[in-house]
Every structure is written in structure tokens, then in C-alpha cells.
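Everything on this sheet refers to the single structure shown next.
The values are calculated or read from the model by the stated rules, or taken from the named source; none is laboratory data. Bear in mind the structure is a predicted one, so any value in this text is a computation, not a measurement. Every residue, glycine as well, gets a Cβ built from its backbone with ideal geometry; the counts of neighbours run over all protein chains shown.
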Amino acid sequence: MEKVALLYFPLIILVLIIWSMLFVVQQQTMAVIERFGRFVRIGGPGINFMLPFIERVAGRVDLRLQQLDVEVETKTKDNVFVEVIISIQYRVEDDKDAVFKSFYKLSEPTKQIRSYVFDVVRAAVPRMELDTVFESKDEIAKTILENLQKIMSNYGFSMHQALVTDIAPDAKVKEAMNRINAAKRDKEAAEYEGEAMRVRMVAAAKAEAESKKLQGEGTANQRIEIAKGISQSAEELQKAGMNSDEASAILLSVQYIDMVNHVAGHAKSNVIMMPFSPSGGLDIMRQIIAGICAANGEKDAFAISGEEETVKLD
């Protein structure tokens, strides 16, 4: 039994030594190998070998794209405190020299990147007013990216993108800005409503003017036709043996009666005070004749209903 143990013991030791010589590196990762504390080489993805008890894996460097969010509080030119949030996308270059620099030259790369971002933002934003900061966020991001690229390339880092994801002023300032925007919106709405009202009023005035024009033309045409009808009626009465004054008196009496019927049928009140005695119609006729005679400057006599009625004018 002791012979078997002595036989397998060297084999076990050999397996352990071989196992300690092998190590695996994942994809998109580089391993930094040191010998007695001194850098020796960079191990790539896959199975790698090292001298047991002499060499060791000092660390592993991730080559994948990484993102770092940096929040910077600063003051604008118009003395408004804002919090600027920047997202930095970076990676270690796929190069052994870059891996060496990133591992040995920077102890904490994220802190270094934060420091440079703080420096750039606090140098750029205080020269701008708040509205300009919002308008110039792309320029701020571009400045950050260019400065980081110049500095971090010395340490093996490649800066891919810098994005200003948010600009947050103080809550009171934000509320004031919202009130200003709301007031501007209300002003614009009032101006549009006033313009719309003006357009409606102009259109209504034009429509009313056109309506009155058409109404006037209609009234004028109506009066022309009425005049033609009266003229024809007067001619017929004169053909029947009446003179012009008699014919005018009869036509005016008929027009008066038609007017009374129209008023009674269409006005709000259908009660009209008229002479109700048998001589009421005669009184109306007499008044019409008197008016005609006064217009002619004459003193005529006109017989109505078989009676001789004389209208004397002084």
C-alpha cells in the first residue's frame, strides 16, 4: 500500500504543477502577467501558460465598451446653479501597449475621467447663460470628448462618445422658467384669438355690407317695379275718364290701405287705430286730395260718392 502511495504521489504533484501553469482568459479580456512583481507579458483570450510559483496573473483588463455617468454641479453666467449629467463611453484599446498603460499608469481610471469632465464642464458652463447652456449642450459634449481623447489616449484609453444627457437647474429656477413659458404661450394664444376675432369681424362686416348692398338693390328694383305698376294703373284710370289728380288720389288711397294691412299682418302689434265712422274712409280720401292740391297749388273741387265736397286752400 505504501508502494502504491509513493508511486502516485509524484504523479499528483506533477498534475498540480501542470494545473498551476495553465490559466484561461475570457474573450475581450487581457491578462497582465508578472514575474516576481515585474511585468513580463500580456496574455490574450484562451488558454495561457506561466511558470508556476514564479509568475502570476497580476490583473485582467476588460476591453469592452464601458459607460461612466458623471454629475457636475456648476454655475452659469447669469448665476443659476445647474446640475449637468454627462455620459462618457470609453474602452481600453485592443493593443498590448495600451493594456500595459491602462493597467500600470492609472490606478483608478474612472476617478481620473470624472476629474477631467469636472474640469471641462466647470470651465465652459460659467461662460454661458442658462438658455445658452441648453442650446449648446452638443458643443459642451464635443469639447469634453476632445479634451478627454487628448488626455486619456496617453493612458491607453479610447473615448468613443460624450453625451450631455440632462441639464437640471434649481427647482425654483425651473418653476420660474415654466411660468415664463406659460405666460408666453398665453400671450401667443391671446394674439391668435384676437386675430381670429378680427378676421371674423371683418368677414361679418363684409357680409353685412354685401347684404345691405343687395338689399338696397332689391329695394330699389322693388320701388321701380312699384312705380311702373302705379304708372300703368294711373294710365288705366285716366283712360277711364279721370284726370291725373283723381287717379293719384285713388292710387294713394289704395296704397295706404295696403300699407295698413301689411303693418297689421307683420308688425308685433296687430292693433291699428283708424277712424271707425262711416265717413272715416272719406276723411282719408279728403286728406290725400288736400295734399295733392297743396302740392299743385290749386283750389279744386272733387265729387265723391255723389256728394260735392270742396277743398279750399287759402
Report task. Would you please list the contacts, defined by Cβ atoms under 9 Å and residues six or more apart or on different chains, that run from a residue in segment 159-176 that is more than 28 Å from ILE113 (Cα to Cα) to a residue that is at pLDDT 75 or above? Result -> VAL173/VAL80; VAL173/PHE81; VAL173/VAL82; VAL173/LEU130; LYS174/ALA168
Report task. Just give me the residues in segment 159-191 being β-branched (Val, Ile, Thr) and at pLDDT below 85, in sequence order. Result -> VAL173, ILE180
Report task. Looking only at segment 116-139, decide whether some residue is surrounded by 14 or more Cβ atoms within 10 Å (Cβ to Cβ), out of contact with any helix residue (DSSP H, G or I) (no Cβ under 9 Å at 6 or more places or on another chain), closer than 29 Å to ALA58 by Cβ and hydroxyl-bearing (Ser, Thr, Tyr). Result -> no
Query - Subset of segment 98-111 that is touching a strand residue (DSSP E or B) at 6+ places or on another chain (Cβ under 9 Å) and surrounded by fewer than 20 Cβ atoms within 10 Å (Cβ to Cβ) - its residue that is farthest from VAL173 (Cα to Cα) - result: PHE100
Query raised in the report: Which residues, counting only those in segment 26-76, are within 20 Å of ARG91 (Cβ to Cβ) and among the aliphatic types (A, V, I, L, M)?
Result: MET30, ALA31, VAL32, ILE42, VAL61, LEU63, LEU65, LEU68, VAL70
Query raised in the report: Identify, please: which residue in segment 33-62 is touching a residue at least 24 places away in the same chain (Cβ under 8 Å) and not in a strand (DSSP E or B) and is, among those, surrounded by the most Cβ atoms within 10 Å (Cβ to Cβ)?
Result: MET50
Requested in this report: Could you check ILE144 against (1) crowded, with 17+ Cβ neighbours inside 10 Å; (2) out of contact with any strand residue (DSSP E or B) (no Cβ under 6 Å at 6 or more places or on another chain); (3) more than 25 Å from GLN27 (Cβ to Cβ) and say which number it fails?
Outcome: (2)
Query raised in the report: So LEU214 fits all but one of (1) free of Cβ contacts under 8 Å to residues at least 24 places away in the same chain; (2) closer than 30 Å to ASN147 by Cβ; what number is the exception?
Result: (2)
Report task. With a cut-off of at least 1 residues that are modelled with pLDDT of 90 or more, name the helices (runs of 4 or more DSSP H) lying wholly within segment 100-158. Result -> 109-124, 137-152
Query - Filter result for LYS174 (basic (Lys, Arg), part of a helix (DSSP H, G or I) and either touching a Leu at 6+ places or on another chain (Cβ under 9 Å) or not assigned by TED's automatic domain parsing to the domain that holds ALA124 (or both)) - result: yes
